[in-house]
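Notes for the one structure printed next.
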Amino acid sequence: MKRMLSDVRSEKLVKELKDLETRGDDELKDRWRRLYGTKPPQKIHHSLLIAAVAHRMQEHALGALKSSVRRHLVQSANNPAVPQPSPHYRSLRPRAGTVLVRDWGGVTHHAKVLEDGILFRSKRYKSLSEVARVITGSRWSGPLFFGLKIRR
């Protein structure tokens with residue numbers, strides 16, 4: 001949920017954030033102690049100190065990350081070898097049983113999504129990109145070819 005700041009508070013926050021760059025290390029470390037309730041790391045670089053203090057100031061003014069997002073980030077950080085998609089973002093891979101339809105070269109092509117691949121013309125393929133390559137004769141992003149992803 002987003003909180004809106006009044007224009008006066010918003011201008012004040014922007015001014016305070018810009019003002020951080022003019023502060024010395026001792027002043028920034030004192031600000032850290034007040035905002036985080038802990039001592040800052042001993043050998044923290046000035047620019048990182050500014051960024052951390054600015055981040056916490058914005059959290060106090062605008063609100064922090066939702067707990068579900070924080071949990072997802074912690075889980076991802078603890079197990080980077082197994083990427084887990086966030087439940088809040090739709091996957092580019094459709095569910096098993098979905099039939100994707102694409103017109104190409106005047107022909108309508110049907111590809112069925114399986115648990116472990118794609119069924120196209122009674123043959124199994126590992127990915128949508130392989131199917132797109134068979135249809136077009138050139139390399140394509142499968143999700144882009146079948147309209148699951150929008151070109152930027």
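Data overview
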item: Semi-axes of the equivalent ellipsoid for the chain, Cα gyration tensor, largest first, Å; result: 51, 18, 15
item: Phi-based couplings in Hz for segment 116-126 (Karplus 6.51, -1.76, 1.60; Gly and Pro marked x); result: 10, x, 10, 9, 9, 6, 6, 10, 8, 10, 6
item: Exceeding the 25 Å Cα-Cα cut-off - candidates K15/K43; K126/K149; K12/K43; K18/K39; result: K15/K43; K12/K43
item: Estimated dipole of segment 10-147 in Debye, rounded to 20 [Cβ of Lys and Arg +1, of Asp and Glu -1, Cα centre]; result: 520 debye
item: Whole-percent carbon and sulfur share, accessible surface of the chain, 1.4 Å; result: 53 percent
item: Computed [θ] at 222 nm, helices only, for the chain once each DSSP H run of length n ≥ 4 contributes -39500 (n - 2.57); result: -13500 deg cm²/dmol
item: Projected label distance in nm at V74 and D103, using a 7 Å step from Cα toward the beta-carbon; result: 5.2 nm
item: Accessible area in square angstrom per residue, segment 106-152, 1.4 angstrom probe; result: 68 Å²
item: Shape metrics for segment 1-70, restricted to C-alpha atoms - Rg then Dmax, Å; result: 13.1, 37
item: Contour minus Cα-Cα distance for K39 and E11 (0.36 nm per residue); result: 7.2 nm
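The values are calculated or read from the model by the stated rules, or taken from the named source; none is laboratory data. If you're wondering where the values come from, they're calculated on a predicted model, not measured in any experiment. So basically every Cβ, Gly included, is an ideal-geometry build from the backbone, and we count neighbours across all protein chains shown. Ligands, DNA and RNA are excluded from the accessible area calculation, which covers all protein heavy atoms including side chains. Shrake-Rupley method; radii C 1.70, N 1.55, O 1.52, S 1.80 Å.
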